């Protein structure tokens, strides 16, 4: 009863009045930036394109867009991926929000970053713009806006996730060797890994199934082929 009485005595206002009182706070935009990772030629790559803003002339940027008035964050990120790559159901992980006051020259823009993992050799991959480019992550020194910070933050999260969950398997074909798997982990970590220690750690995870098959048509000694233990339940694998 006391709680009800206290609630009833609170001064009430309408949403319209709230907006009028704090009108300056309703003039910020929200965007989504997608860090789309791929893997090719033993290198971790990210999809970028040249910035179309004069302030960032000759710089590449990540792929992003403003969130529409009737669009939620997840829908916006999925729309960007679909528009740029032609793919649905790509693995996506929210990273964090970025809100520095000077991050966008056009005004106050908050952005929420997502990283995605897709197979560059996916049959359905159709890049929407000839200016889109797969750039090796470790060759990138500068990007437009605060996109280098967003890229670095996303990479740090991917590194952590790769040791806790089999998320990197999105970047591999259905069948793969331990050599290929280690090369992928090395590309993510940015350093060579001890072969014995790596195989021991992976074995202890219980993620792999030995297919009793060997690599074919390779220039090196053929290795055993494996697949992900629960590939049938691993969501959105391409």
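Taken together, the values in this text are just the output of simple stated rules run on the coordinates, not laboratory data. A quick note: this is a predicted structure, and the numbers were derived from the prediction, not measured. Here Cβ is always computed from backbone atoms with ideal geometry, including for glycine, and neighbour counts include all displayed protein chains.
Computed values, structure above
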| quantity | calculated |
| --- | --- |
| Gain upon complete extension [residue 217, residue 126; 0.36 nm per residue less C-alpha separation] | 29.9 nm |
| Bins of 5 Å from zero: percent of alpha-carbon pairs in the chain | 1, 6, 11, 15, 16, 13, 10, 8, 6, 5, 3, 3, 2, 1, 0, 0, 0 |
| Rounded to whole Å, sorted largest first: equivalent-ellipsoid semi-axes of the range 166-238, Cα gyration tensor | 18, 16, 13 |
| Using alpha-carbon coordinates, inclination of helix 195-205 to the longest axis of the chain, degrees | 60 degrees |
| Viscosity 0.890 mPa s, temperature 25 °C, Stokes-Einstein D of the range 145-199 from Kirkwood C-alpha radius, µm²/s | 200 µm²/s |
| GNM result for the chain, Cα springs below 10 Å: residue of 106, 203, 177 fluctuating most strongly | 106 |
| Cα-based Kirkwood hydrodynamic radius, the range 79-138, one decimal, Å | 13.7 Å |
| 0 to 90° range, to nearest 10: angle between helix 73-85 axis and the chain longest Cα axis | 50 degrees |
| Hydrodynamic radius by Kirkwood, which averages 1/r over all alpha carbon pairs of the range 1-112, in angstrom | 17.4 Å |
| FRET E, pair residue 194, residue 14, Förster distance 41 Å, beta-carbon r, rounded to 0.05 | 0.05 |
| Convex hull (Cα only) mean projected area of the range 22-67, reported in nm² to one decimal | 4.7 nm² |
